[in-house]
Amino acid sequence: MSSSLFQLFRTGKLIQNGYSVSCKALHSSQQFVKATTAARSQNIASFSTAVSIADGKTPDDQSQKMSKAMKAYMNRAEAHDALMAEETAEYEIGRRHLANIMGEDPETFTDEDRDKAIEYLFPSGLFEPRARPYLKHPSEVFSKRKEAEFDHSGRPFHTLFYTGLPNYFQILHDITERVRELDHFASRMSHYNVALDKDKSLNLSSSEWLTKEEFEIKIIEAMKDYHYEFFIKSMNRLAAHPLSYRAKDFIMDFRKNKPIVKLLQEIPKVMYTAEGVPYMTETGRRKTATATVTVYGRGSGKVTINDKDILYFSNLQDREQILFPLQFCGVLGTVDVVAEVEGGGTTGQSGAIRYAIAMALRSFVDLEMVEKMRLAGLLTRDPRSRERKKPGQKGARAKFTWKKR
Amino acid sequence: MNHFRSVLLRSSNFRLPRESHARVSSVALVQNVLQRSYSRYSPQYIEPVYRIEDLEKIKESGEFKERQFTPVKAALTNQTSSVFYDPLVTKFTNYIMKTGQRTLARDLINKTFENIKHTQLKKKQEAETQEEKDAIETNPVVVFHKAVQNCKPILQLTPVKRGGIRYQVPVPLTEKRSFFIAMRWLVEAGKDKYRDVRFSEQLARELLEAYKNEGRVVKKKQDLHKQCEANRAYAHYRWS
């Protein structure tokens, strides 16, 4: 077992601290530019042979005429490709070793299995998740960089290369093309008296545009704020077209789901005890208080907090808060609640329990009620916490007495 | 690079946006929202609707769809969907509260309402005819609502400077503001008492008097209205 682990270290290139490796990679490949087709990448490798065929000159003549900068550029491109190939091969070997160690079939070893295996084999006490050991595909570790944007003679592949942002301006051109296509289609529809189908129209309410940072990563080009703003405006023009559903794939390529979608879609299913009683456990936090709450179905409205009755809270307001989600969903007398809470004060603890109860109740009630709970503010983790005191001030906001002299 | 950009944009029939030269953050321009520096929530968050009847109204009006993907703030600790919840009483409790001592404020309100109940019940027992008995309202929340209603001013005086002189100009009040002023006056009247009298006793007395359209607070409102009437001549200073 230990020898195979050692093998893993040697050949699998398990990265203990990804930062230094990726930083090195970033620094060395800063000048790379992107090739947009596979054919172009082939061109890099075979530039000398291509030249001899195209110009009828000998490879030696051409390579002498190439400037030093071009040569260096080509070398760097090749080096990067070689690095990626090597890293990918080593990663694959490491992944297979890991699967064997865990006793799994390498073919069916998913990324989640891989991450769990690393967490199991190398338990880390580090707080920052990014500092913990991981095994990732090189494409996720090394940031994407462009390969070759021009051939041996210095002629760029992309027509918009000299704009400095070829991919960005290509996208803008694509947008205009799409709008013209949609206009043309609309005119044809009206010519043949075909009515517009309202049901088909694009619904963009559940998604939002990529942020500038995400957009830059996607097209591998750094741009100014006004470039991004103009892109968003143009995309909004396209999305606002009545026939925009015809360009759905193109539009959704630059959109991401809103975080709310996750809250509503990932509702865990109710679990059952040995006696067949449905239950759900959730953790809630509010203001340094943490509560672990189990809501049991088929109950009688009993509330237990830290092995005490609801009178654990002497304050009426806190008791009201705990009963709020139960009363809202109309399950006051039909569920039992068992809560363990620690940390914080009375309001923090009751707020944590309220949040946990509401999250647990999602599994018991229908989707419409879940949406109502969300609009009532029961499913939002209250982010308000105590503001720190600042130096030179009496408190968080209060200043020391101002003396004129 | 700008030249190339303009060439390309001209060929694709786009106009160069003037705003591109302005120094505006992309987030603010694109998302078109104002940033609130003091809130822990991002500006997209909307207020929660925690009353079941209000949610039913929203459902009927079809606003569900609008709010479908908008994030919602968490409900506050004094907000519930309970039948015993009254928004006006909650607001009043907050006006009584000092330095965040909500428990104490709530105790005071409860004692005040208890006092009102005691007084009214006593009156009811002492009343002779059935008619009189029916006329006496024992529900303290109802008494409180009526009292606040009776104390609400319609106009207030605001100083307006014209030609070097500050005139007190009568100006109409919004609903929210008039509620706030009425409740503030009631709390102030409750605090304005002899040393041996409890705040809850005093406040109960004030509320009962205001309920009958008598007492200090109603007098204050009427005085304000008289002053507004007196300063009617300056009303046009609001606009000129």
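Quick notes on this structure:
- The Cα center of segment A:68-102 and the Cα center of segment A:287-324 differ in position by 56 Å.
- The relative contact order of chain B comes to 16 percent, based on Cα pairs under 8 Å that sit 6 or more residues apart.
- Taking amide hydrogens as placed 1.01 Å from N in the peptide plane, the amide H of A:THR304 sits under 5 Å from those of A:VAL337, A:VAL338, A:ALA339, each at least 5 positions away in sequence or on another chain.
- Ranked A:TYR162, A:TYR73, criterion: other C-beta atoms within 10 Å, fewest first: A:TYR162, A:TYR73
- Here segment A:389-405 and segment B:113-160 have alpha carbon centers that stand 46 Å from each other.
- Scattering curve values for segment A:266-405, log₁₀ I(q)/I(0), Debye with Cα scatterers, q = 0.10, 0.11, 0.15, 0.22 Å⁻¹: -0.39, -0.45, -0.72, -1.36
- Neighbour-limited loop hits for GluC sites (Glu not before Pro), segment B:152-237 (at most 12 other Cβ within 10 Å; DSSP other than H, G, I, E, B): B:GLU214
- Sparse packing (at most 16 other Cβ atoms within 10 Å of the Cβ) combined with a DSSP loop state is found for the following chymotrypsin sites (Phe, Trp or Tyr not before Pro) in segment A:170-214: A:TYR192.
- Spin-label pair A:SER206/B:ILE136, simplified geometry with 7 Å Cα→Cβ offset, distance in nm: 6.2
- From helices alone, chain B scores -16500 deg cm²/dmol at 222 nm; the rule is -39500 (n - 2.57) for each run of n ≥ 4 DSSP H residues, then divide by the residue total.
- Gained length - A:SER300 relative to A:ALA89, 0.36 nm times residue gap less alpha-carbon distance: 69.9 nm
- Charge dipole of segment B:72-155 (Cα centre as origin; +1 on each Lys and Arg Cβ, -1 on each Asp and Glu Cβ, all else neutral): 540 debye, rounded to the nearest 20.
- Karplus (6.51, -1.76, 1.60) ³J(HN,Hα), θ = phi - 60°, over segment B:113-121, in Hz, Gly and Pro reported as x: 5, 4, 4, 4, 4, 4, 4, 5, 5
- Rounded if a/c under 1.5, otherwise prolate or oblate - segment B:48-205, Cα gyration tensor axes: oblate
- Other protein chain Cβ atoms within 10 Å, averaged over every residue that makes up A:327-336: 2
- Of the GluC sites (Glu not before Pro) found in segment A:239-337, the ones in coil according to DSSP and having at most 16 other Cβ atoms within 10 Å of their Cβ are A:GLU266, A:GLU275.
- With each label modelled as a point 7 angstrom along the Cα→C-beta vector, the B:THR99-A:ARG386 pair spans 1.6 nm.
- Between B:ALA210, B:HIS225, B:ALA189, the Cα set farthest toward the positive side of the dipole of segment B:187-238 (charges on each charged residue's Cβ, about the Cα centre) is that of B:HIS225.
- Long-range HN-HN contacts of B:GLN156 with modeled amide H, under 5 Å: B:VAL171, B:LEU173
- Placed amide H near A:GLU147: partners under 5 Å, 5+ positions off or other chain: A:VAL33, A:LYS34, A:ALA35
- Span from the segment B:177-240 Cα centroid across to the segment A:166-186 one, whole angstrom: 66
- Look at the stretch B:55-64: the mean tally of other chain Cβ atoms within 10 Å of its residues' Cβ atoms is 2.
- Neighbours of A:THR294, meaning other residues whose beta-carbon lies under 13 angstrom from its beta-carbon, give a summed charge of -2 when Lys and Arg score +1 and Asp and Glu score -1.
- Sequence of B:GLU131, A:GLU92 once ranked by neighbouring C-beta atoms within 10 Å, starting from the fewest: B:GLU131, A:GLU92
- Peptide A:184-197 has a mean shielding of 0, counted as Cβ atoms of other protein chains within 10 Å of each residue's Cβ.
- Using θ = phi - 60° in the Karplus curve 6.51 cos²θ - 1.76 cosθ + 1.60, the 3J(HN,Hα) couplings for segment B:167-176 round to 9, 8, 9, x, 9, x, 9, 6, 4, 4 Hz; x is entered for Gly and Pro.
- Normalised Debye scattering of segment A:230-309 at q = 0.13, 0.17, 0.21 Å⁻¹ gives log10 I(q)/I(0) of -0.67, -0.83, -1.12, counting only Cα atoms as equal scatterers and leaving out solvent.
- Positive dipole terminus of segment A:257-364, leading residue within A:THR283, A:TYR296, A:GLY333 (C-beta point charges): A:THR283
- Relative contact order [Cα under 8 Å, 6+ residues apart], segment A:269-382, whole percent: 34
- Legend: distances between Cα atoms for A:LYS399/B:LYS73; B:LYS133/B:LYS212; A:LYS287/A:LYS389; pairs beyond 19 Å are A:LYS399/B:LYS73.
- Sequence of A:THR176, A:THR211 once ranked by neighbouring C-beta atoms within 10 Å, starting from the fewest: A:THR211, A:THR176
Here, each number is a calculation from the coordinates, and none is a lab measurement. Quick caveat, the model's predicted, so the values are computed rather than measured. Because the Cβ atoms are built from the backbone with ideal geometry, glycine has one as well, and the counts that use them run over all protein chains shown.
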